[in-house]
Amino acid sequence: MKILFLDMDGVLNSHAYMVKRKRADPNHELRPWDRNDPRCWAEMVDPEAVMRLNQILDRAGAKVVISSSWRYAHHYTVMQRILDIAGFTGEVIDETPNELHAPARAHEISAWLQANPGTKRFVILDDGSSAGKGFAVGLTDDDVKKAIQILGRSP
């Protein structure tokens, strides 16, 4: 099994995307926000970044585990719906455990890997310091290439 651990903020959205979205729709903030409506959350997801995520999953044959703080607000099945609305074609199979005592997200990912020993390869897409490089502009084409190299192409 190949797994992609997914953070949302900084990976599937970015400062650049939010500025672009606001320019395209300056009245957006005037619309009512409903934190329980997956469509509202999906609007914060960059469709171009989702397209890149789809490329990784398609080429590598990987599944997604949500490691984002968004999992505190939404079960991974709701995250699947949010991503689907944004054009996602992959499968979200789980979320990392909520280890509040852990000093970094890397510990939560490690706990998930220990509980799921069938994972052969994995990649972490995260803009936080616990996982390495930041995604100041969101998921890029270079990131797609690197992720596919790490996971390996599916047969």
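Of the residues Ile109, Met51, Leu6, the one whose Cα sits farthest towards the positive end of the charge dipole of the chain is Met51 (charges of +1 on Lys and Arg Cβ, -1 on Asp and Glu Cβ, taken about the Cα centre). Couplings 3J(HN,Hα) of region 120-128, computed from phi: 8, 9, 8, 9, 10, 9, 8, 8, x Hz, in residue order, whole Hz [Karplus 6.51 cos²θ - 1.76 cosθ + 1.60, θ = phi - 60°; x for Gly and Pro]. Taking a temperature of 4 °C and a viscosity of 1.567 mPa s, what whole-number D in µm²/s does Stokes-Einstein yield for the chain with Rh from Kirkwood over alpha carbon pairs? Rounded to a whole number, D works out at 81 µm²/s. Taken about its Cα centre, the chain carries a charge dipole of roughly 380 debye when the Cβ of each Lys and Arg holds +1 and the Cβ of each Asp and Glu holds -1. Quick one: angle between helix 15-24 and the longest Cα principal axis of the chain, in degrees between 0 and 90, rounded to 10, please. So the inclination is approximately 30 degrees.
Per DSSP helix of 4 or more residues, -39500 (n - 2.57); summed, then divided by the residues of the chain. What does that give at 222 nm, rounded to the nearest 500?
The per-residue figure over the chain is -11500 deg cm²/dmol.
The relative contact order of the chain, computed from alpha carbon pairs under 8 Å that lie at least 6 residues apart in sequence, is 39 percent.
Stretching Ile93 away from Arg35 to a fully extended chain increases their span by 18.6 nm, per 0.36 nm per residue minus the current alpha-carbon distance.
Between Asn116 and Val137, how high is the FRET efficiency from 1/(1 + (r/R0)^6) when r is the Cβ-Cβ distance and R₀ = 30 Å? Nearest 0.05. E between Asn116 and Val137, to the nearest 0.05, is 0.45. In the chain, the longest principal axis of the Cα atoms and the axis of helix 105-115 are about 50 degrees apart.
Values in this text are rule-based calculations from the coordinates and carry no lab data. Here the structure is a predicted model, which is why all the values come from computation and not from measurement. Virtual Cβ from ideal backbone geometry, glycine too; neighbours counted across all protein chains shown.
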